[in-house]
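Report on the structure given below.
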Amino acid sequence: MGEVYQKMPAFARLSERVCTVLGLNPGKFTLQGTNTYLVGTGHRRILIDTGSGVADFEEHLRTSLTRAGGIGISSIICTHRHMDHISGIPQVLALHGGADHIPIYKYLTANDIPPFPYEYTAIRDGHIFKTEGATLRAVHTPGHLDDHVVLYLEEENAVFSGDCVLGQGTAVFENLAEYMSSLRRIMELQPGRLYPGHGPVIENGVQKIEEYIRHRQEREEQIVALLNTNPPGSKDGAWSSRQLVETIYASYPQSLYDAAEGSLLHHLNKLLSEGKVQHVKGKWLLTTDK
């Protein structure tokens, strides 16, 4: 079941205006580590995300700035509030003399409750960031988290996709309906390339997003098809989420069932919000008039 992760360099020049600096924080959810990106062509560039704040990252970033041409950082944009994307902020600031010198941008929601660990400047949907050689447009894409944004790089028709689309595997989310809407919103940009928050660069962005959407649609269709039948030992058509998991994931190790059930519940709650299913006494069944 374990996916073999593609080896990635700690620093790479991905295009004329994009370099990646790996966060040095590999793991189950971070894959090879968080991708932080230096964007622009001038002496001071935008940094997208900052990693987990591991001890070696500060020196690694210092070395990477030298390898990129002896550059500095003009501003930080955080794609969302997860700690593997914002915890390196103090290290970035330390390299540049403190918070007064570098603005930190993040989309703020009702779940961002002051006091903040850092002084954020709020991003709005459509916010434009300009630096020498690059223009970025923020697009609010909730679903993975309510504050998630992707950044459209106009000069390359590319998208920094954060944790909405990954370089390997599939993304996790807290709200599937919002997540699906966000995938479609990115699709409207018709990006050629995706720079993900984790994993290698995706060269055919539209194809990858289509795969993500299709994967979720197929899972939803599978759930609805099962709800059209009776669960083992019953004739009322009402399934527990665990029964659904045990049927859909019958060929998988039982050790994965808890995680699978969490994902499946996102699908069921989306169907519930759309009025397609009912949740009665802990069981799930199709709405009869749908």
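All of the numbers you see were taken from the coordinates with simple rules; none came from a lab. Since this is a predicted model, take the numbers as computed values, not measurements. Virtual Cβ from ideal backbone geometry, glycine too; neighbours counted across all protein chains shown.
Normalised by the number of residues in the chain, what is the relative contact order in percent for Cα pairs under 8 Å and 6+ residues apart?
On the way: 546 pairs, mean separation 32.6, N = 290.
Relative CO of the chain lands at 11 percent.
Please determine, in degrees from 0 to 90 and to the nearest 10, the orientation of helix 205-227 with respect to the longest principal axis defined by the Cα atoms of the chain, where the helix direction is its Cα long axis.
20 degrees
Counting only helical runs of four or more DSSP H residues, what would the 222 nm mean residue ellipticity of the chain come to if each run contributes -39,500 (n - 2.57) and the total is spread over all its residues?
Details: 7 runs with 83 residues, N = 290.
-9000 deg cm²/dmol, from helical runs alone.
Using the Karplus curve 6.51 cos²θ - 1.76 cosθ + 1.60 with θ = phi - 60°, what ³J(HN,Hα) values do you get for each residue of region 166-172, in whole Hz, with x for Gly and Pro?
Here the 3J(HN,Hα) series is 9, x, 9, x, 10, 8, 9 Hz.
Considering amide H positions built from the backbone, and no H for Pro or chain starts, which residues 5 or more places from His127, or on another chain, come under 5 Å of its amide H?
Amide H neighbours of His127: Ala138.
What do you get for trypsin sites (Lys or Arg not before Pro) in region 1-73 restricted to DSSP loop and a cutoff of at most 11 other Cβ within 10 Å of the site's Cβ? It would help to have the intermediate numbers written out before the result.
Working: sites: Lys7, Arg13, Arg17, Lys28, Arg44, Arg45, Arg62, Arg67; in loops: Lys7, Arg17, Lys28.
Sparse-neighbourhood loop trypsin sites (Lys or Arg not before Pro): Lys7, Lys28.
Taking all pairs of different Cα atoms in region 228-286, averaging 1/r and flipping that mean, what Kirkwood radius in angstroms comes out? If you can, show how the numbers build up before the last one.
Numbers: mean 1/r = 0.0842 Å⁻¹.
Kirkwood radius, region 228-286: 11.9 Å.
How tilted is helix 176-188 with respect to the longest principal axis of the chain? Cα atoms for both, answer in degrees (0 to 90, nearest 10).
Its long axis makes an angle of about 50 degrees.
Could you run the Karplus curve 6.51 cos²θ - 1.76 cosθ + 1.60 with θ = phi - 60° over region 18-23 and give me ³J(HN,Hα) per residue in whole Hz, x for Gly and Pro?
Listing the rounded values in order: 9, 10, 10, 10, 5, x Hz.
Between Asp236 and Arg67, what is the label-point separation in nm under the 7 Å Cα-to-beta-carbon projection?
6.1 nm
Angle between the Cα long axis of helix 257-273 and the longest principal axis of the chain, 0 to 90 degrees, nearest 10?
Taking the Cα atoms of the chain, the angle to 257-273 is about 80 degrees.
Per-residue HN-Hα couplings for region 63-69, Karplus 6.51 cos²θ - 1.76 cosθ + 1.60 at θ = phi - 60°, whole Hz, x for Gly and Pro?
After applying 6.51 cos²θ - 1.76 cosθ + 1.60, I find 5, 5, 5, 5, 5, 6, x Hz.
Quick check: Cα centre of region 25-46 to Cα centre of region 234-262, how many Å?
Taking the Cα centre of region 234-262 as reference, the centre of region 25-46 is 37 Å away.
Would you mind checking which residues have amide H under 5 Å from Leu14's amide H? H placed 1.01 Å from N; only 5 or more apart, or other chain.
The list, which skips near neighbours in sequence, is Cys19, Thr20.
For the chain, with only Lys/Arg (+1) and Asp/Glu (-1) charged at the beta-carbon, what is the dipole magnitude about the Cα centre, in debye rounded to 20?
That gives the chain a dipole magnitude of about 180 debye.
Can you list the residues, at least 5 places off or on another chain, whose amide H is less than 5 Å from the amide H of Arg44, using H built in the peptide plane?
Placed amide hydrogens put Gly72 under 5 Å from Arg44.
Below 8 Å between Cα atoms, with a sequence gap of 6+, how large is the relative contact order for region 228-286 in percent? All intermediate terms of the calculation are to be shown ahead of the outcome.
Numbers: 46 pairs, mean separation 20.4, N = 59.
Relative contact order for region 228-286 comes out at 35 percent.
Based on DSSP loop calls and a cut-off of at most 14 other Cβ atoms within 10 Å, the longest stretch of the chain free of exposed GluC sites (Glu not before Pro) is what? Spell out each step's value before the answer.
Values: sites that count: Glu3, Glu16, Glu119, Glu132, Glu154, Glu174, Glu203, Glu274.
Counting at most 14 other Cβ atoms within 10 Å as exposed, the longest clean stretch of the chain is 17-118.
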